[in-house]
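Heads up, the thing below is written out as structure tokens.
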Amino acid sequence: MKYLVIGATGNVGGALLTQLLDAGHEVRALVRSASRAELLPAGIDIAVGDLDDADSLTTAAAGVDGVFFMQLAPLPTQADNMVKAARTTGVRKIVVLSSIGTVLEPLPMIGARIAARDQVFRDSGLDVTYLRANTLMSNALWWLPTIREEGRVYDASDPGKTVPVDTFDIARVAAAVLTQDGHAGHGYILGGPEALSAREQVEILADVLGRPIEFVPVTPEQFAQRSIEQGTPAEFAGAVQNLNELFRAGRAGAVTEDVTNLTGTAPRTFRQWCEAHAHEFR
């Protein structure tokens, strides 16, 4: 079987490439330029193209049995291009990297945008599966600048808990869903094994690193204002403020068993992620 991976140079897509290759499948990666292919392992079929270019997507999708789809931003027009390419080439199976934000109540601003993108796939009539990831463990890398400069982490979600998930585990689920039947139309909520507040995550990280990190709680409004002062567009800062308000209220703290049930192996803990990535914080 052959699969097209979109987002192949990212954390999820990169891990998925390796897992599919190790399982004996053929893999094609869509990259924006030939130079990006240098980042990929040997044995990958390369397609150069862009999600805004429907023709390049059609070329990339020709002859594959399924597609893993992710975007930097949830643009419905790009999703529509993928749907058209799939119809043209006869591809039916698409696995979409989505977000838990699409099923939270009230619907966060960012979740609403992703949900609008997902609706394009839902209306397509294709065999689509939605991987609704909780907070990514790799988001802890966003703390790096203030950890290095001040020994602090500023956070606007405390005391609310999320269920951080390792991108490696998202890739494991994507590989299972792509290569197995019976997942069309389903949406899975992907999280790690435990609900943690940001304060608890910082405590775990500090323990793994063997040095103190001060946790500084701020309000969602304060965090947004600080982001704007540092150059973040006001619209995006407002969307993050809205998301932090929902996290702060504990709306994304439900632990699910979807990773274990779909792969047969429990997801990694946040401590395990910290141990694997400790070198990046030193």
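Coordinate-derived values only; no laboratory data. Remember, it's a predicted structure, so these values are computed and weren't measured experimentally. Reconstructed Cβ throughout: ideal geometry from the backbone, glycine too, with neighbour counts over all protein chains shown.
How many angstrom lie between the C-alpha centres of the range 81-151 and the range 60-78?
The range 81-151 and the range 60-78 have Cα centres separated by 12 Å.
Where in the range 162-230 are there GluC sites (Glu not before Pro) that are in a DSSP coil and have at most 15 other Cβ atoms within 10 angstrom of their Cβ?
Glu194
Just to confirm a number: summing +1 for Lys and Arg and -1 for Asp and Glu over residues other than Ala224 whose beta-carbon lies under 12 angstrom from that of Ala224, what do you get?
-3
Enumerate the amide H contacts of Glu214 below 5 Å, restricted to partners 5 or more residues apart or on another chain; note that Pro and chain-start residues carry no placed amide H.
Arg152, Val153
From the phi angles alone, apply the Karplus equation (6.51, -1.76, 1.60; θ = phi - 60°) to the range 100-107 and give each ³J(HN,Hα) in whole Hz, x where the residue is Gly or Pro.
4, x, 7, 10, 7, 10, x, 6
Would you please give the residues with an amide H less than 5 Å from that of Gly187, counting only those at least 5 places away or on a separate chain, with H modeled from the backbone geometry?
The list, which skips near neighbours in sequence, is Tyr130.
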